[in-house]
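To start, the structure under review is shown below, and the notes come after it.
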Amino acid sequence: MRKPSQWFAYCPRCGARADDPARGERFRCGSCGWLYYFNPAIAAAAFLRRTDGRVLFIRRAKDPASGKLALPGGFVDIGETAEEALEREIQEEVGMKAADLAYLGSFPNDYPYQEVAYPVLDLFFRGRVGQGAVAQALDGVHSVVWLDAREADPDALAFPSLRRGLEAYRAWLHRDEERA
């Protein structure tokens with residue numbers, strides 16, 4: 001698995017051979033001086049809670065991490081806000097609308113796809129779904145699972161950033177219960 005920068009053997013601007021194949025976070029052409037930064041992709045996901053306190057998890061239908069648990073969400077498209085992307089992804093993946101979305105935190109992640117380890121910044125939100133809302137397994141989703149977030153197994157989650165997001169959500173739940 002290679003970083004995106006390691007796929008650049010030639011300058012996309014002038015065609016000169018790259019002089020440093022292990023550049024890392026940026027590409028600078030030694031011939032023409034063109035500079036390109038390899039910034040992370042952005043993704044958004046949500047802990048969606050029902051009135052009984054259970055949270056919606058999805059079981060991934062595709063790699064990476066096929067069969068593992070994740071949250072409804074996905075990549076932010078160019079021109080979208082994180083909230084718009086999240087609303088779109090929730091609709092596409094489980095056919096639902098979320099309410100009261102609130103930012104929870106962000107965690108970096110590597111997303112392995114077609115021999116590239118894409119750096120991603122995952123933005124986590126919390127929200128709720130209405131009474132009687134029904135989640136369906138749609139695009140890229142094998143099945144839906146409603147779990148108590150306090151009892152969800154972190155080792156069953158698809159990505160390290162999800163485990164950190166779950167920790168943040170559990171901490172928020174604890175603070176929320178203390179206020180009640």
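List of remarks:
- Filtered by the rule that a residue be in contact with a Lys or Arg (Cβ under 9 Å, 6 or more places away or on another chain) and crowded, with 20+ Cβ neighbours inside 10 Å, segment 110-126 gives ASP122, PHE124, ARG126.
- Per the listing VAL145, VAL116, the residue uniquely of a type outside the set (Lys, Arg) and either farther than 29 Å from PRO4 by Cβ or assigned by TED's automatic domain parsing to the domain that holds GLU25 (or both) is VAL145.
- Residue match in segment 28-41 (condition: touching a strand residue (DSSP E or B) at 6+ places or on another chain (Cβ under 9 Å) and closer than 19 Å to ASP139 by Cβ): yes
- Residue count, segment 83-109 (criterion: of a type in the set (Gly, Ala, Ser) and surrounded by fewer than 18 Cβ atoms within 10 Å (Cβ to Cβ)): 4
Here is a yes/no grid of residues against (1) aromatic (Phe, Trp, Tyr); (2) at pLDDT 90 or above; (3) in the same structural domain as LEU166 (by TED's automatic domain parsing); (4) assigned to a loop (DSSP other than H, G, I, E, B):
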{"residue": "GLN6", "(1), (2), (3), (4)": "no, no, no, no"}
{"residue": "ALA22", "(1), (2), (3), (4)": "no, no, no, yes"}
{"residue": "ASP63", "(1), (2), (3), (4)": "no, yes, yes, yes"}
{"residue": "GLY79", "(1), (2), (3), (4)": "no, yes, yes, yes"}
{"residue": "GLU84", "(1), (2), (3), (4)": "no, yes, yes, no"}
{"residue": "ARG88", "(1), (2), (3), (4)": "no, yes, yes, no"}
{"residue": "GLN91", "(1), (2), (3), (4)": "no, yes, yes, no"}
{"residue": "LYS97", "(1), (2), (3), (4)": "no, yes, yes, yes"}
{"residue": "LEU101", "(1), (2), (3), (4)": "no, yes, yes, no"}
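- Residue within segment 46-59 that is in contact (Cβ under 8 Å) with a residue 60 or more places away in the chain, of a type in the set (Gly, Ala, Ser), assigned by TED's automatic domain parsing to the domain that holds PRO160 and on the phi < 0 side of the Ramachandran plot present: yes
- Matching residues in segment 139-180 - criterion: being in a helix (DSSP H, G or I) and among the aliphatic types (A, V, I, L, M): ALA156, LEU162, LEU166, ALA168, ALA171, LEU173
- Applying the condition of being over 26 Å from PRO108 (Cβ atoms) and β-branched (Val, Ile, Thr) to segment 128-178 and asking which residue is surrounded by the fewest Cβ atoms within 10 Å (Cβ to Cβ) yields VAL134.
The values are calculated or read from the model by the stated rules, or taken from the named source; none is laboratory data. Everything quoted here is computed from the prediction, not taken from an experiment. Note: ideal-geometry Cβ built from the backbone for every residue, glycine included; neighbour counts use all protein chains shown.
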